[in-house]
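Heads up: the structure comes next, in structure tokens.
Values quoted throughout were computed directly from the atomic coordinates according to the rules given, and no laboratory measurement underlies them. No experiment lies behind these values; they were computed from the predicted model shown. Cβ placement follows ideal geometry from the backbone for every residue including glycine, while neighbour counts extend to all protein chains displayed.
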Amino acid sequence: PVRVTGREKKKTIFGKVWCYRVEPGVFGEGNLIERPGSMVIWVTDDSRRLPVRALVKANVGKVDIKLKKITNPPKPKT
């Protein structure tokens, strides 16, 4: 399952923008990765829904991914 667990203001390449905090259920028994861990993805709260950050934590370590560049970004609808 994928859950939207909040709305947060995040510093991004677009400045500080409101983002949805999304948690896909990929870790744990019966899921894609059957080990403990967590994944959080932040997507912009506008019509573009761009993923601007992702954080994955597992027993082997942590990966923090941040969007640094975008080519031909869609313009937000007003």
Mind ranking 44-56, 8-20 by how tightly packed they are, going by the mean number of other C-beta atoms within 10 angstrom, highest first? 44-56, 8-20
Would you tally the net charge around PRO76, using a Cβ to Cβ cut-off of less than 9 Å, leaving PRO76 out, and scoring K and R as +1, D and E as -1? +2
Tell me which residues come under 5 Å, amide H to amide H, from ARG21 once H is placed; ignore anything under 5 positions away on its chain. THR5, GLY6, ARG7, GLU8
Amide proton proximity set for THR12, modelled H, under 5 Å, gap of 5+: VAL17
Projected-area mean, the chain, by convex hull of Cα positions, square nanometres: 6.0 nm²
Among the lysines, which have Cα under 22 Å from the Cα of LYS66 when same-chain residues fewer than 8 positions away are ignored? LYS9, LYS10, LYS11, LYS16, LYS57, LYS75
